[in-house]
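One structure below.
Just so it is clear, none of the values below were taken in a lab; they were calculated from the coordinates. Remember, predicted model here, so these are calculated numbers, not experimental data. All Cβ positions, even for glycine, are placed from backbone atoms using ideal geometry, and neighbour counts span all protein chains on display.
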Amino acid sequence: MSDDVNASGSTIVEPGDDPADGWFPESVAADYDGPGGANAPGVVTPAVEVLADLADGAVLEFAVGTGRIGAPLAARGVRVSGIELSQAMAARIADKPGGDAIDVTIGDMTSTRVAGHFSLVYLVFNTISNVTTQDAQVDVFRNAAAHLRPGGLFLVEVGLPDLRHLPPGQDSVPFAVTPGYVGFDQYDVVTQEFTSNHVTVSPDGTGRFRRIPFRYAWPAEMDLMARIAGMNLKYRWADWDRSEFTADSTKHVSVWEKSPEHSIAAAK
């Protein structure tokens, strides 16, 4: 369903949105490839370079989206497949250089299977947090392992919760305050659930409020999820530049390796 809500908190379904597209329907997909931000070459290129270096054969992207990463990776000659829940997002992949070479399957990354075994499965840009229960996040790791050949790699890029900025009695942390826009995360530290909230006011005074649910998981928790799925940590970096992960890092890029002795059947 649409992630827009009105002043009373009721969900608004934008014209042309398909509820089956989840939190990324046409009204979101239409602006997803805007310039700058996550789409800037300085953000995309380092990620593609790391993924191309780790790939040793075909790769699979969970939540391939509009092909922001998958298309330039395919353009470098890597054989890329993708799983994507939103048809509105996936419809934009083929228009990108390299995108027409990506084999896309519409489905849920917790359970959807595609044919073949891969050298690398990857999930970028905080999308693991769009899976809002611990059990379902474990299913993502298990599904990744089921697609990997023995010795294959599973990579996740995800931000760390900004809990160090929460004083007692406060549950919200702003991450952007600019003219016409305010963004803030609201945390439940008991359930590890949080929402990203986006308030936009147009020049004509009309407003829009979007709220998207997430669940955060600490790196150690993800390491345990990986072990449940038959994988072990191989690398952990603070960013795509492979810099050291420290107590002051705001995100991590982690890579787990599927145990060579771990069978495909055991990962299911």
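Below is a table of values for the structure above.
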item	result
Over the stretch 137-263 - Rg/Rh using Cα atoms and the Kirkwood inverse-distance radius	1.08
Top positive-direction residue, dipole computed over the stretch 1-157 with Cβ charges, set Gly116, Gln134, Thr45	Gly116
Trypsin sites (Lys or Arg not before Pro) lying in DSSP loop within the stretch 52-147, provided at most 16 other Cβ fall within 10 Å	Arg76, Arg113
Added length on full extension, which subtracts the Cα-Cα distance from 0.36 nm per residue, Ser172 to Asp56	37.5 nm
Count of Lys pairs (Cα-Cα under 24 Å; at least 8 positions apart or interchain) in the chain	4
Fraction of antiparallel bridges per DSSP, the chain only, in percent to nearest 5	70 percent
Kirkwood-Stokes translational diffusion coefficient of the stretch 136-210, alpha-carbon pairs, 37 °C, 0.692 mPa s, µm²/s	211 µm²/s
Radius 12 Å from Cβ of Asp135, net charge of other residues (Lys, Arg +1; Asp, Glu -1)	+1
Helix 134-147 axis, angle to the chain major axis (alpha carbon atoms, nearest 10°)	40 degrees
Fully extended contour minus Cα-Cα distance, from Val182 to Thr206, at 0.36 nm per residue	7.2 nm
Approximate spin-label separation Glu193-Ser111, in nm, with each point projected 7 Å along Cα-to-Cβ	2.0 nm
Efficiency of FRET from Cβ geometry, Glu261 and Leu233, R₀ 22 Å, rounded to 0.05	0.80
